[in-house]
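Beneath this line is the structure, given in C-alpha cells, with notes to follow.
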Amino acid sequence: MFGLGWSEMVLVGIVALIVIGPKDLPGMFRTLGQFTGKARGMAREFSRAMEAAADDAGVNEISKTVRAAANPQKFGVDKIKEATGMTQAPEKSTLSPERQAAKEKMSEAMAKAATDRQAREAEEAAAAAKEAKGENS
C-alpha cells in the first residue's frame with residue numbers, strides 16, 4: 001500500500017496516536033477505510049467503463065485477431081502454405097528455374113555435409129574404440 005513497509009506503517013500509526021489521540025483514532029481509521037473503499041469502487045467503475053468502451057469500439061475483436069496472428073495454429077498458417085504452394089510435392093513445384101536450381105544445389109550441399117559429418121563421427125568412434133581396446137590390453 002503506497003510503497004510503505006511495515007516499519008513505516010508502525011511509525012505512522014505511532015505518530016497518528018500521538019497527534020490525533022487515542023479517542024479520535026478509531027473514528028479516523030473508520031473514515032480512512034470508508035475513503036479507501038470509495039476510491040476502490042471508483043477505480044472498479046472506471047475500469048468497467050473502459051472495458052465497455054473498448055467492447056463498443058471493437059478493441060477486443062482487434063486484440064483477438066492479434067493474438068490469433070501470434071499463434072500460427074489459430075491463424076491458419078497451413079492454409080497459407082497451401083495457398084502459396086509450399087506444401088506441394090517437389091515435382092509440382094512452382095519455383096522459377098533459377099530458384100529451383102538454387103534449391104537443388106543447397107539440398108546437395110546439405111546432403112554432402114551430413115554424409116561427411118556421419119563419416120567423421122564414425123571415424124572418431126572407431127578411433128575411440130581402438131584407443132579403449134589398446135588401453136585394456
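Checked against the criterion of being of a type in the set (A, V, I, L, M), outside any helix (DSSP H, G or I) and loosely packed, with under 10 Cβ neighbours inside 10 Å, region 4-13 has no qualifying residue. Based on what the data block shows, is Arg48 among the basic types (Lys, Arg) and either touching a residue at least 12 places away in the same chain (Cβ under 8 Å) or surrounded by 11 or more Cβ atoms within 10 Å (Cβ to Cβ) (or both)? No. Criterion first (among the aliphatic types (A, V, I, L, M) and modelled with pLDDT under 90) does Ala101 satisfy it? Yes, satisfied. Within region 51-94, being modelled with pLDDT of 70 or more, hydroxyl-bearing (Ser, Thr, Tyr) and surrounded by 11 or more Cβ atoms within 10 Å (Cβ to Cβ) holds for Ser63, Thr65.
The values are calculated or read from the model by the stated rules, or taken from the named source; none is laboratory data. Source: prediction; values computed, not measured. FYI the Cβ positions are ideal-geometry reconstructions off the backbone, even for glycines, and counts take in every protein chain you see.
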